[in-house]
Structure formats: structure tokens, C-alpha cells
Amino acid sequence: MRNLSAVLVSILTATSTLACSSKPQVTGGSGGAGGGSFAGPPAWNRAVTPPADATAAAQRLACGYKAGSLPAETQGASYPSGDAIPIKHILVLMQENRSFDHYFSKLPENGQTDVDVAPSTYTNPDGMGGTVAPYHDTQLCLVDTNHQWSGSHQEYDSGAMDGFFLANNNNGTAPPHPLASSMSGARGLAYYDNTDIPFYYWLANTFAIADHYHSSLLGPTWPNRMYFYAATSRGATDNVPTSFVDQAGACTADSGCPGAAAGSCVGAPSGSCKGTCKVDSDCGADVPAGTCDVAGGGDCFQVGRTIFDYMEQRQLNWKVYASGTPGFAIMISTWLNYRGLHQFTLADYMADAAAGTLPDVAFIDPSDLGNEVYNGDDEHPPATPQGGQNFTATVIDALAKSPAWSSSALFLTYDEHGGFWDHVPPPAACEPDAIAPVLATGDPPGAFNQYGVRVPMTLVSPYAKSHYVAHGTYDHTSIIRFIQARFVLPALTARDANALAPWEMFDFTAAPKAPPVVTVPPIDTAGVAACAKVWVQ
């Protein structure tokens, strides 16, 4: 991830007006889990006759469902919805930049054989007639690997999945005191095993993991996190600020409105033309009540199109726990709008978990998200995996000890592959909208009709199947679809509308399991010290 804190400092002043539209901020509600009814637009509470599972699956495969579809209309009759799902607290912990084979290729040798990992014959060409095989990395704090749109497509190599060496060879910025191997493309083929990340291997053998969970596109962090928060990147293929606010009749000046009469652009320079609407639905689908300012002359207020905006309409109790810059700050206007009411610290998470007062939905971010430091806790290279493993274990330990454990589900995943190797070609995906990728000069062509490289995803819950590997195809919008199913929220785009929630990882027929005893693994201080010699000026 491009250094998020630095980016925010540079653009915050220029973009702060995005959070100050003519629409007042909405205050958070306390409804949601456990309630028999849901607040929000009446259309979201419409009666639904769920389709047969096979019918729904065929429609999803054909990308037949659209934005606004409720989960009960797209998942299948056998899947629960709303309060029929015995989960009151959904937590998501998204780490950075690791692929599935990179972390779990040795899982069959460590207790879990029903998992799709690379064959022993897997190699990459080295560009000189030879080949390079994956290797067990012991350095831990590797130079960041190539995970941009161009590099990711080179690594994909039209489905051969053999471009990781060449995409990373002599690519990137060398550390202050590089090792002989620091800039070698071989680092893209590094793997770790149970001796390096024992907690993650324990999770994989205790709870449920998915071995065909993909990032949402072949590209870097920000666009992938945008899919996680909004089921689209609205054309972004790089780490650039992008707006997820719509406004019907948008205008910047009176001259942009029919007739160009004085005062016809209400709220200029980010306004809406008078006469745009007579009722809320004229301002778009799934908009909050009062979006059409009838009294003001029929202009439309701005409408947010993220999972946060829809949770707000439902008046859910949702929180983002982050002691550093949170992930959703990549959506500047959304972050500015909600940070005062919904952003909390990791200490707040610990307190809420201990008190059993976790929210309906929680997003948990590491403290060093986007800082890209060798001793960080987000797992983004050059950070060692162990700092993030320690952080994740601490979060899960708090959940396991919480009175809320029996009604909670925590999804642990990674925003994208980070340039690390994986042998499974990303399959086709549904385009979220009609917005084409915004590509830089020299970028390979492409569309948003394909998933990204596989990344780890683990479900930690008393309802998670034990020692289980899910083989269904999922991406970040599958987690969003589960949140939508639990709280009866419509799809944001066609991508999440056609996503299947990871139902196979749950067993709702059994009594909730007792909380596990979590051993928080220590951080190898000697290893961190060795990394400091490479990375400290």
C-alpha cells in the first residue's frame, strides 16, 4: 500500500469539501443484530421469494443480478437471511499483501491435506533459459514485491501464473543496506511454513479456510480495498483517491443547469440543479429518505455508495477500530464523513470485546497500515509476517475471551497478493458497473471482469466448520455479501450482487463451539534486529 498517512496529509485540505455537501451528516443508529426489524428504506424490507439454489447459481454465473438486489433474491432458498443467521457481530481483519501459496503451500505437510496448493514441479522462467522454484525464506523482511496493475498482469502471464520472478527481478526500491539477494526476482517465490507463522497454520487446522478466495482485481491495494468497501473501484487501477459519492443533476455552476438561471445550481461548486427531482427515487436507487430536497426546488443531495453508507441507512452499530490510519481513509469523503462517529482505537476494541459490547459490524485495522516498515504489524513488505501474526492473534484472543464470542464471526483476509506467487489462475468475475479501467501509459489492457490472485481467508467463529477447507470461488465482495445477508442490505454493484457469501464455511445447525485457547506467538526479536541492519539508515 502506498503510504496512506502521507497521501492523506497531502490531499486532505484539498478534498475536505467533499464531506461538506448540502446533505447533513447522518448520525449512527444502534439497531441491527438481534432486532426483529431493520430501519432504512422500505424497499429494503420488501417481501422476497428466494429462488432455488440452482436457479440463483446459474444467474450469478451469468452475471444476471444487478445493483440493488437483496441477498435473499440472489443466494438461493437454502441460505438464511436476516435474523435467521445466528451471528450478531461480524468482524473483518484485512491485512496486507500476501498470497495463498506464499503462506499456505506447506499446509498439506502440516495437518491439512484437502487444500489446493502448487505442485512440487511449479517454477518460473528466469529469462535466461533457466527456471526458479519457490524457496523457504528465512530473511522475513523482503523488499516489496511488484503488485501494480502492470506487474500483476505480468505475473498472471495470460493464465500461466509464472511471471513472478521476472516481474520482481530488479524491481522496486533497494533498502539502505541491501543484501546480495534483496532485489532478486526470486523473492516473489518465497514461502513460509508452520515454523514461521505457526498461529496462522493453527487457525487453518482449527477453523475454516478458503483455498479459492481471490482478491477482487489484478492490481494493488487501494482498488482492491475499494472493492471490499464498495464492490467497485470506479475505474481505479492504482492507489489514487476516488469518489464514491453520487449526485443526480450534478453541477458546478448555474451555467450547467437547464436555463442557467441564477441560483439554479444549489450547493455549487458541488451541487445539484433545481428541478432534478420530485421524489427521492428521481435521485437514484436505494437513496436515503429526504434525498430529494423538494422544498429547496427539487435538487438532489449527495448519496454515498459504500457499505458504510448502507449500514448507516440501516442504522447499524458499526465501528472501525484503528489506532493508525484506517483502511477506509482511502475513500476520503467517506472517511471524513464518518470518522468522528465510527472510528475508534484498538484499545476501544479490546474494551468492547471484554465487555461483550462489540458492534454489529467491525472493521479492524493494524496500527501500521500503509506505513511499509520492517517492524510493522500489517504484513506489508518489508514487514515480517510475525508482527502481523502477533497482532492478529491478539485480536482473536480478545474475541475468544469475549462474552460476545458465541454470536460472532471474524473474517481474516488480505487485500491483495502483494506480488507473491500463486499457481491458480484468477477466474472470470462480473463487472461491477460500466466504468472502464483507468490505465496509465504502458499498462496492459484489461477489464474488471476477472478476479485477482488468491489470498488467504480464514473464518474464526463458533459456527465455523472445524479443520475445513472451502473450495468455492470467492472474493472480497463475498464477505460484503455476508454482511448484506445478515442485515438485509442491497447490493452496491453487479459484482456483489452476483457474489456468493461463503456459506459453506459455516455450520449453523450445530451448537456454537466453545471459545478456543489462543496462544499469542512472540515476535522473533533477533529476526527483527537483523532486519533493522538492512532497513535502518
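FYI, it's all coordinate maths here, none of it is from the lab. The shown structure was predicted, so the numbers you read here are calculated from the model rather than taken from an experiment. Don't worry about glycine lacking a Cβ; one is built from the backbone with ideal geometry, like all the others, and counts go over all protein chains shown.
Brief remarks follow.
- Kirkwood-based shape ratio for the stretch 250-304, expressed as Rg/Rh from alpha carbons: 0.96
- Over 28 Å between alpha carbons, listed pairs LYS66/LYS513; LYS274/LYS319; LYS401/LYS465; LYS278/LYS319: LYS66/LYS513; LYS274/LYS319; LYS278/LYS319
- Near TYR349: Cβ cut-off under 15 Å, other residues only, Lys/Arg at +1 and Asp/Glu at -1. The net charge is -4.
- All-pairs alpha carbon distance profile, the stretch 77-129, 5 Å steps from 0, percent: 4, 12, 13, 12, 12, 14, 16, 7, 4, 3, 2, 1
- Each semi-axis of the equivalent ellipsoid for the chain is √(5λ) with λ an eigenvalue of the Cα gyration tensor; in descending order they amount to 37, 27, 23 Å.
- Residues with amide H under 5 Å from that of PHE506, placed H, sequence gap 5 or more: LYS465
- Listing LEU369, LEU489 from fewest to most neighbouring C-beta atoms within 10 Å gives LEU489, LEU369.
- Distance from the C-alpha centroid of the stretch 419-439 to that of the stretch 256-313: 33 Å, rounded to the whole angstrom.
- Between the C-alpha center of the stretch 167-207 and that of the stretch 520-537 there is a gap of 14 Å.
- Ranked packing of 111-120, 215-224, 390-399, 352-361, most packed first, by mean Cβ within 10 Å: 215-224, 390-399, 352-361, 111-120
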